[in-house]
Structure formats: structure tokens, C-alpha cells
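Here is the structure we will look at, set down as C-alpha cells.
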Amino acid sequence: MSEEAQHRDEIVRFGAVLYGKNLAHGSAGNLSVRLDDGSILVTPTNSSLGFLDAERISKVSADGELLAGDPPSKEAFFHLAVYEQRPAARAVVHLHSTHSVAVSCLCHDDHADVLPPLTAYAVMKVGKLPLLPYFRPGDRQLAASVREAATAHRAMLLANHGPIVSGASLAEAVFAYEELEETAKLFFLTQGHKTAPLTAAAIAELNVVFGN
Ligand SMILES: [Zn+2]
């Protein structure tokens, strides 16, 4: 099986898993994978992640030109912005999962990092989570914001919308996304309780040992 065919199947498999776990609903959310030649496979516009057809997944060039398959998601442009800034990224996951979206709808004093470092895994797999301003769906101005944040962050949160998470493989990006959603859940569970997030020293140690 070719590299492209394998990644088409992988997108279908992970789409079904995310839909089955209620992390994706309706036709919301999109997944992409960057191939060795720099082109990108991305889920098509108005498709449901639970019912993808491998053959119809869109293939676009690095500048967004459709090369094969159905027309890409209206949000494909911000996947391209992430790839542009992160040469090592091979996959991007963007979903509208409930707890993360809820965090994106809160008032935050500090937009540089909107979830507390509650666990080591959140620090290792997600890192700091900046909040980007709200843009209407499809507004290309979002690309500039994403580009700026992507340079230093593998995960970011779009206000009143949801997270964008990248990784060195689709599995890595999906697992980091799941860690983020679970951290958002923990954040709400601990609201109103005295919490003890990781200390700056503990975070610095994780960054040294695990190279974040
Ligand atoms: Zn979206």
C-alpha cells in the first residue's frame, strides 16, 4: 500500500474513533496529514469524521490547491498555516469537543496560557495553550494568528470555537488532543476547589527531561 493510501486509511480510522468517543459530532472538526512530498491530505468540507470515505479525502498542495478528492474543509487553510510554521509537524487535529470549547468561551485574564498545568502529561503532550481571538468561520485573517502562535506552540485554542493540535504523526496529534480535552475536563472538575497545579520547578524539570 502506498504512503498516501496508508494515510487515507489512517484518517478514516482516527475519524471514526474520535466520532465514537463524542470528541467530534455532526460535520464538525477536521484532520490532516502532511505527506513526504509536502502535499496534505485533509478531510473534505461538510464531511462527518464518523463516516469518511478514504478515496474522497481531499489532497491539496502546500498552498491549498486541490489535487485530488472532494473539496477540502473550509478550515483547511489554518492546517496549512500550522504546517508552514512547524516543519516537523506531520498531522493536525481540529475538533469542537465540549470541554475544550467550554474553556474557549470563558473570560481569561491571561491569553498566553489558558489551562493550568494540572498534570505532567498535559505539560508534556500539550504544553502551553494560548487563546487566539475569535474569527467567524472561514475568515482568512485567522491564518495570521495561527501562524504566529504555531511557531512556539503545538496546541492553541480558538476563542468561542475549539483547539488546533499538531504532532509528528496523526496518532501523536490525536493523543495530544485527547490529553487536552481531559485536562479541560479536570479544569472544570476542580473549579471551586483549592488546587495545586505543578510548580514552575516541576515544569522546568519536565521540559529538561522530556525536551519540551
Ligand atoms: Zn472549527
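The values are calculated or read from the model by the stated rules, or taken from the named source; none is laboratory data. Quantities reported herein were computed from a predicted structural model and do not represent experimental measurements. Here the Cβ positions follow ideal geometry from the backbone for every residue, glycine too, while neighbour counts run over all protein chains shown. Accessible surface areas use protein heavy atoms only, side chains included; no ligands, DNA or RNA. Shrake-Rupley method; radii C 1.70, N 1.55, O 1.52, S 1.80 Å.
Annotation: per residue accessible area for the chain equals 49 Å², rounded to a whole number [probe 1.4 Å, protein chains only]. The phi-based Karplus calculation (6.51 cos²θ - 1.76 cosθ + 1.60; θ = phi - 60°) puts the 3J(HN,Hα) values of the stretch 47-57 at 9, 9, 4, x, 9, 7, 10, 3, 5, 8, 4 Hz, whole numbers, x for Gly and Pro.
Remark: the chain carries a charge dipole of roughly 400 debye about the Cα centre, counting +1 on each Lys and Arg Cβ and -1 on each Asp and Glu Cβ. For the chain, the fraction of 1.4 Å probe accessible surface lying on carbon and sulfur atoms is 55 percent. Mean sequence separation of contacting Cα pairs (under 8 Å, at least six apart), scaled by the length of the stretch 1-125, corresponds to a relative contact order of 23 percent.
Comparing S97, P130, Y83 along the charge dipole axis of the stretch 3-133, the residue lying farthest to the positive side is S97, per the Cβ-charge model.
Residues whose amide H comes within less than 5 Å of that of S169, counting only those at least five positions distant or on another chain, are R90, A91 (H built at 1.01 Å from N in the peptide plane).
Amide H to amide H, with H built 1.01 Å from N, S58 comes under 5 Å of V42, D70, counting only residues 5 or more places away or on other chains. Taking every DSSP beta bridge that has both residues in the chain, what percent is antiparallel when rounded to the nearest 5? Rounded to the nearest five, the antiparallel share is 90 percent.
The string of couplings for the stretch 13-28 from the Karplus curve (6.51, -1.76, 1.60, θ = phi - 60°) is 4, 5, x, 5, 5, 5, 5, x, 8, 6, 7, 10, 9, x, 9, 7 Hz, one whole number per residue in order, with x for Gly and Pro. Sites listed here are chymotrypsin sites (Phe, Trp or Tyr not before Pro) in the stretch 128-212 whose DSSP assignment is loop and whose Cβ has at most 14 other Cβ atoms within 10 Å: Y134.
How much mean residue ellipticity at 222 nm does the chain get from its helices, if each DSSP H run of length 4 or more adds -39500 (n - 2.57) and you divide by all residues, to the nearest 500 deg cm²/dmol? Mean residue ellipticity at 222 nm (helix-derived): -12000 deg cm²/dmol. With axes computed from alpha carbons, what is the tilt in degrees of helix 170-190 against the longest principal axis of the chain, rounded to the nearest 10 within 0 to 90? It is inclined by approximately 30 degrees.
With respect to the chain, whose longest principal axis is taken over its alpha-carbon atoms, helix 141-150 is tilted by about 60°.
For the chain, the alpha carbon convex hull comes to 115 Å³ per residue, rounded to a whole number.
Computed from backbone phi, the HN-Hα couplings of the stretch 97-114 come to 6, 3, 5, 5, 5, 4, 4, 6, 9, 7, 7, 10, 6, 10, 7, 6, 7, 9 Hz, rounded to whole numbers (Karplus: 6.51 cos²θ - 1.76 cosθ + 1.60, θ = phi - 60°; Gly and Pro given as x). Over the chain, Cα pairs under 8 Å with separation of 6+ residues give a relative contact order of 20 percent.
Charging the Cβ of each Asp and Glu at -1 and of each Lys and Arg at +1, and nothing else, the dipole of the stretch 41-139 about its Cα centre rounds to 220 debye. Amide H contacts of L158: L132, I164, each under 5 Å away and 5 or more positions distant or on a separate chain (H built 1.01 Å from N in the peptide plane; Pro and chain starts excluded).
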